[in-house]
Amino acid sequence: QENITATGTLAADEAVNLVSEVSGKIAAITFQEDARVARGDVLVRIDDTELRAQLARAESRVNLARVQAQRQEQLGVGVGTSQDAVDAAQNEMRVFAAEADVVRAQLAKTDIRAPFDGRIGFRYVSEGAYVTPSTRIATLQRIDPIKIEFAVAERHLERLQRDAKVRISVAGLDEPF
């Protein structure tokens, strides 16, 4: 049996700094530090009052444009309106619908969700804090399984084998893994 000794680092299987995609004031923090969270759990809510108002305005515009387009179509081309007027009304309805979709997408980004199952670390912000996309909120890590990163000298390369057994000793723990 040959032994090769190397120093390494333990690392989480997955790790991410949680940040917001939109700027705004934190309305609610729904996680506890060092808690397990599941993929899709809402961890932080950003105040969305203004975006909800924008969505209501956009949806009103869509409804008005839809009614106007239907009226143009009912008048009939050549009888009470032109094809250009019908096309313009339909196009305006599609533009307003797209604007409403943009606001819905921004609104969806006000809920910060866990991208995977894991354990959440310290939080770096509090409720009421203003966050931007560069503000770190917390760190989420999946620590089961765990990765071990280490380097082996090049001279040992020919002796390494895939699926070889590795024994790991961790400082502070008596039993090796």
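The values are calculated or read from the model by the stated rules, or taken from the named source; none is laboratory data. On a predicted model such as this, the values are computed, not experimentally measured, just so you know. Heads up, the Cβs are rebuilt from the backbone with ideal geometry, glycines too, and the neighbour counts pull from every protein chain shown. Areas reflect the complete protein model, heavy atoms only, side chains present, ligands, DNA and RNA absent. Shrake-Rupley method; radii C 1.70, N 1.55, O 1.52, S 1.80 Å.
Per the Debye formula on identical point scatterers at the alpha carbon atoms of the chain, with no solvent, log10 I(q)/I(0) at q = 0.08, 0.10, 0.18 Å⁻¹ is -0.52, -0.66, -1.08.
What FRET efficiency would be calculated for the residue pair Asn17, Asn91, taking the C-beta separation as r and a Förster radius of 25 Å, to the nearest 0.05?
Here the calculated transfer efficiency is 0.05.
Hey, with R₀ at 30 Å, roughly what FRET efficiency would Phe150 and Thr30 work out to, going by the Cβ-Cβ distance, to 0.05? My answer for the efficiency is 0.20.
Within straight-line reach of Lys147, meaning a Cα separation under 19 Å, sit the following lysines at least 8 residues removed in sequence or on another chain: Lys165.
Adding -39500 (n - 2.57) for every DSSP H run of four residues or longer, then dividing by how many residues the chain holds, sets the calculated 222 nm ellipticity at -10500 deg cm²/dmol.
Counted over all Cα-Cα pairs of segment 91-167, pairs farther apart than 22 Å make up 60 percent.
Straight-distance candidates among the lysines for linking to Lys25, with alpha-carbon spacing under 23 Å and chain neighbours fewer than 8 residues away dropped: Lys109.
Tell me, what % of the accessible area of the chain is carbon and sulfur with a 1.4 angstrom probe?
The nonpolar share, carbon plus sulfur, comes to 47 percent.
Between helix 49-75 and the chain, what is the angle of the helix's C-alpha long axis to the longest principal axis, kept within 0 to 90° and rounded to the nearest 10? Helix 49-75 sits at roughly 40 degrees to that axis.
With contacts taken as Cα pairs under 8 Å at a separation of at least 6 residues, the chain carries a relative contact order of 41 percent. Here Lys109 sits with roughly 80 square angstrom of accessible surface, probe radius 1.4 Å.
Ordering Leu64, Leu107, Thr81 by Cα displacement along the dipole of segment 46-177 toward the positive end leaves Leu107 in first place; charges were set at the Cβ atoms of Lys, Arg (+1) and Asp, Glu (-1).
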